[in-house]
Amino acid sequence: MKIFKPKFWMLRHISLFAIFLLPVSLLIQFLLLMKKFLSKQVTFPVPVFCVGNIFLGGTGKTPISIKISKILSKLKKKPAIIKKFYKNQFDEVQLIKSKVNSIFLNSSREKAINSAIKKNFDVIIMDDGFQDYTIKKDLNILCFNQNQQLGNGLTIPSGPLRENFKSIKNSNIIIINGNPLKEFEDKIEKISKEVKIFYCKYIPLNISKFRNKKLIAFAGIGNPNNFFDLLKENNLNIIEQIKFADHHHYLDLELNNLIQKSELNNAILLTTEKDYMRISEEYKEKIKYLKIKSKIQNRDKFIEEIKKYI
């Protein structure tokens with residue numbers, strides 16, 4: 001889904017725009033409830049993990065899916081990452097392929113899972129799919145970001161949530177990207193005292209290449225500000241930051257303009273690894289990307305929690 005999140009979604013109070021759209025939000029949630037009620041769940045002979053979210057985009061599902069795949073491989077399991085096929089999300093597919101060699105795509109998650117099982121993969125990791133009620137999951141992991149948290153706390157289109165916050169009671173683990181948030185943890189525990197909370201952080205791997213350089217940063221991801229904030233936290237000199245819609249397809253004209261801007265300012269053009277996957281080969285030589293890895297705090301405890309479900 002290509003979308004710019006409206007500013008009123010991120011307000012801590014309920015705006016007039018949100019109130020105006022509330023009837024539509026209620027209708028959508030009613031339809032989702034009916035879908036959930038009518039859906040027939042399919043079970044599988046291997047464990048199915050789901051790494052999902054309720055906040056629309058930009059919560060770090062894909063890096064966590066990759067991280068879990070690598071953890072399971074070290075535990076002598078044979079994990080497969082499953083993604084529902086969307087034409088505009090080839091960047092995420094390419095990113096996964098560059099990190100692991102076990103991804104299955106299909107417009108039907110059920111068919112993708114069955115394909116993986118036929119090839120003897122023994123743990124399924126669904127990258128997204130918390131709202132897919134047709135798949136029986138053994139482990140539900142929800143991702144949040146410390147910067148956005150719940151936004152204004154309302155569901156689409158009044159707010160950024162796919163479904164009500166109370167749906168976290170259906171999850172087993174919550175991973176928050178960022179620093180500890182006691183107030184947010186308290187909100188979670190009011191709904192579910194059983195869910196395990198972990199924190200993770202993005203660790204830049206090639207940050208030294210960009211120190212003491214002028215940078216023009218651009219991103220077309222779920223929450224571009226999270227990328228810009230990461231650069232600022234590492235004291236990089238960003239002279240301009242440019243936002244595009246999530247999964248934006250970069251046109252030649254846009255890339256030429258970006259390159260021209262960087263040359264005029266004698267600056268490095270820097271983007272995310274996911275954005276880099278969407279850039280035509282002929283332009284990649286003049287654009288750099290920030291390599292990152294996702295580091296889960298209390299990793300040993302997290303692994304022990306994962307092992308309960310395999």
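Between ILE268 and residues 5 or more places away or on another chain, which pairs have amide H atoms under 5 Å apart, with H built 1.01 Å from N, and which residues are they?
LYS214, LEU215, ILE216
Show me, bin by bin at 5 Å from 0, the whole-percent P(r) of the range 72-111 based on Cα pairs.
So the P(r) values, bin by bin, are 6, 22, 28, 22, 14, 6, 1.
When you count, for each residue, the other Cβ atoms within 10 Å and take the mean per peptide, how do 56-63, 232-239 rank with the highest first?
Descending mean neighbour count gives 56-63, 232-239.
Once you've got the Cα coordinates, tell me which of LYS169/LYS293; LYS36/LYS293; LYS77/LYS118 are over 27 Å apart. Can you show the working numbers first?
Details: LYS169/LYS293 29 Å; LYS36/LYS293 35 Å; LYS77/LYS118 15 Å.
The answer is LYS169/LYS293; LYS36/LYS293.
How many Å² of accessible area per residue for the chain, probe 1.4 Å?
Details: 15980 Å² over 310 residues.
I get 52 Å² per residue for the chain.
Amide H to amide H, which residues 5 or more places from ILE197 or on other chains are under 5 Å from it, using H placed in the peptide plane?
The list, which skips near neighbours in sequence, is ILE174.
For the chain, with a Gaussian network of springs between Cα atoms less than 10 Å apart, report the residue from ILE96, ILE14, ILE296 with the top mean-square fluctuation.
ILE14
Could you tell me how far the Cα centroid of the range 42-97 sits from the Cα centroid of the range 116-189, in Å?
When both Cα centres are located, 13 Å separates them.
Tell me, what % of the accessible area of the range 31-180 is carbon and sulfur with a 1.4 angstrom probe?
Exposed carbon and sulfur together represent 52 percent of the surface.
State which entries of LYS67/LYS97; LYS201/LYS274; LYS78/LYS308; LYS274/LYS308; LYS40/LYS70; LYS74/LYS201 exceed 24 angstrom in Cα-Cα distance in the structure shown.
Working: LYS67/LYS97 13 Å; LYS201/LYS274 17 Å; LYS78/LYS308 16 Å; LYS274/LYS308 32 Å; LYS40/LYS70 31 Å; LYS74/LYS201 21 Å.
Pairs exceeding the cut-off: LYS274/LYS308; LYS40/LYS70.
Shape of the range 245-294 from its Cα gyration tensor (a ≥ b ≥ c, root eigenvalues): rounded if a/c is under 1.5, otherwise prolate when a/b > b/c, or oblate? Before the final figure, lay out each step's value.
Details: a/c = 1.93, a/b = 1.27, b/c = 1.52.
The shape class here is oblate.
How do the peptides 277-287, 137-147 rank, highest first, by the average count of neighbouring beta carbon atoms within 10 Å per residue?
Values: 277-287: 13.8, 137-147: 21.0.
Packing proxy ranking, top to bottom: 137-147, 277-287.
Arranged from highest to lowest average of other beta-carbon atoms within 10 Å per residue, in what order do the peptides 5-11, 105-111 appear?
5-11, 105-111
Please build a GNM for the chain, connecting alpha carbons under 10 Å apart, and tell me which residue among ILE66, ILE242, ILE174 fluctuates the most.
Of ILE66, ILE242, ILE174, the most mobile in the Gaussian network model is ILE242.
Given the rule -39500 (n - 2.57) for each run of at least 4 DSSP H residues, summed and divided by the residues of the chain, what is its mean residue ellipticity at 222 nm, to the nearest 500 deg cm²/dmol? Mind showing how you got there, number by number?
Working: 10 runs with 107 residues, N = 310.
Helix contribution divided over all residues of the chain: -10500 deg cm²/dmol.
Let's see if you can work this out: charge +1 on each Lys and Arg Cβ, -1 on each Asp and Glu Cβ, no other charges. What is the dipole magnitude of the chain about its Cα centre, in debye to the nearest 20? Write out the running numbers ahead of the final one.
Working: 53 positive and 29 negative charges, 178 e Å.
My answer is approximately 860 debye.
With Cβ to Cβ distances under 12 Å as the rule, what net charge do the other residues near ASN237 carry (K, R +1; D, E -1)?
Local charge sum for ASN237: +3.
Under a 5 Å amide H to amide H cut-off, with H placed in plane at 1.01 Å, what residues pair with ILE242 once short-range neighbours are removed?
ALA217, PHE218, ALA219
Which of the helices in the chain, when you take each full DSSP H run, stretch at least 27 Å along the axis at their Cα atoms and have an average Kyte-Doolittle score of -0.5 or higher?
16-38
For the chain, give the share of DSSP beta bridges that are antiparallel, in percent and rounded to the nearest 5; count only bridges with both residues there. Please list the in-between numbers first.
Working: 6 of 46 bridges.
Expressed as a percentage, antiparallel bridges in the chain total about 15.
Taking the Cα atoms of the chain, what is the range of coordinates along each of the three principal axes, in descending order and whole Å?
If we take the Cα atoms of the chain, the spans are 58, 51, 36 Å.
The values are calculated or read from the model by the stated rules, or taken from the named source; none is laboratory data. What you see is a predicted model, and the numbers here were worked out from it, not measured in a lab. Using ideal geometry, Cβ is built from the backbone for each residue, glycine included, and neighbour counts are taken over all protein chains shown. Heavy atoms of the whole protein, side chains included, go into the accessibility calculation; ligands, DNA and RNA do not. Shrake-Rupley method; radii C 1.70, N 1.55, O 1.52, S 1.80 Å.
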